[in-house]
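Chemist: Encoded as structure tokens, here's the structure I'll be asking about.
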Amino acid sequence: VLIPMAMVLGTLGLAGSVPGLVLVHVVYGIGFTTLYFRNYYASFPTELIRAAQIDGAGFFRIFWRILLPVSGPIAVVSVIWQFTNIWNDFLFGASFGGTSQPMTVALNNLVQSSTGVKEYNVHFAGAILAALPTLLVYIVAGRYFVRGLMAGSVKG
């Protein structure tokens, strides 16, 4: 995965830049997001779709008027999943991030806690600060996360 992405970023002139890193994360996340949305829409009642087709609605009208308004929970699941993956990612940041030494907060805490003097209060404060953004995202959107995961998992 890394070599083809590096070749494409080099061809596009985005190697070693933040837009290149954003492109890598977007491309990497499309597959998972597509599967989440596919499973969510597969569990959607087909009677509503057929009723709209009988009423003369086309594909895009059905999507914009019926499917998109009820897609909030699965969109939240996708955002939480992508945010968590990007927040904890080190491989793509180190490979495509540029000349600076990118390091995730969790990896920085690990390096700092394994070398030098053990200052447990500092290490635990760093761990809490590292987990805080993800925790806030889960607290704010937690009910949608569970609802969206369960909606695409069981077909009734």
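The values are calculated or read from the model by the stated rules, or taken from the named source; none is laboratory data. None of the values given here were measured: they were computed from a predicted structure. Positions of Cβ are generated from backbone atoms using ideal geometry, with glycine treated the same way; all protein chains shown enter the neighbour counts. The protein model used for the area step is the full one, side chains on, heavy atoms only, and it has no ligands, DNA or RNA in it. Shrake-Rupley method; radii C 1.70, N 1.55, O 1.52, S 1.80 Å.
Chemist: Within the stretch 65-108, which residues are modelled with pLDDT of 80 or more and over 24 Å from GLY31 (Cβ atoms)?
Modeler: Scanning the stretch 65-108 gives ARG65, ILE66, PRO69.
Chemist: Return the pairs, sorted by first residue and then second, in which the second residue is not charged (D, E, K, R), the first residue lies in the stretch 45-64 and is open to solvent by 100 Å² or more (accessible area, probe 1.4 Å), the beta carbons are less than 9 Å apart, and the residues are 6+ apart or on different chains.
Modeler: Every condition considered, the pairs that remain are GLN53/ILE62; ARG61/ALA52.
Chemist: Could you look through the stretch 19-44, keep only residues that are in contact (Cβ under 8 Å) with a residue 12 or more places away in the chain and of a type in the set (Gly, Ala, Ser), and pick out the one that is nearest to VAL79 (Cα to Cα)?
Modeler: GLY29
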